[in-house]
Amino acid sequence: MVYRTVCTEVEVDVDLTDFETDDLIDELENRGYASDTGVKEIVESIYQKRRNGKAFSEELDQLIYTVLGKMV
């Protein structure tokens, strides 16, 4: 019996507003990032600003630093 592997690549448009804050926090925790570092508050701030059409790049930089310990 011969097995073949087929790989398919699909591009999907996803917006942060498609996800609930708790779902994003759960995903971060599942990846090993603790929510007690202020991640939930930062994600909530990004969500609110994005929802209201305001700039959120500072919060996004803060989130990256908080989660990865690196600045972009």
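State to the nearest 20 debye the size of the charge dipole of the chain about its Cα centre, where the only charges are +1 on K and R beta carbons and -1 on D and E beta carbons. Please list the in-between numbers first.
Values: 8 positive and 17 negative charges, 50 e Å.
For the chain, the charge dipole is close to 240 debye.
Apply the a/c threshold of 1.5 to the C-alpha gyration tensor of the range 16-68 and tell me whether it is rounded, prolate or oblate. Please list the in-between numbers first.
Working: a/c = 2.39, a/b = 1.37, b/c = 1.74.
Oblate, since a/c reaches 1.5 and b/c is not below a/b.
Taking Cα atoms only, the orientation of helix 21-30 departs from the longest principal axis of the chain by about 60 degrees.
Sequence-distant contacts, meaning Cα pairs under 8 Å at least 6 residues apart, place the relative contact order of the range 16-68 at 35 percent. Take each peptide in 8-19, 45-56, count the other Cβ atoms within 10 Å of every residue, and average; sorted highest first, the result is 45-56, 8-19.
Just so you know, all these numbers are worked out from the coordinates, no wet-lab data involved. A quick note: this is a predicted structure, and the numbers were derived from the prediction, not measured. All Cβ positions, glycine included, derive from the backbone under ideal geometry; neighbour counts span all protein chains shown.
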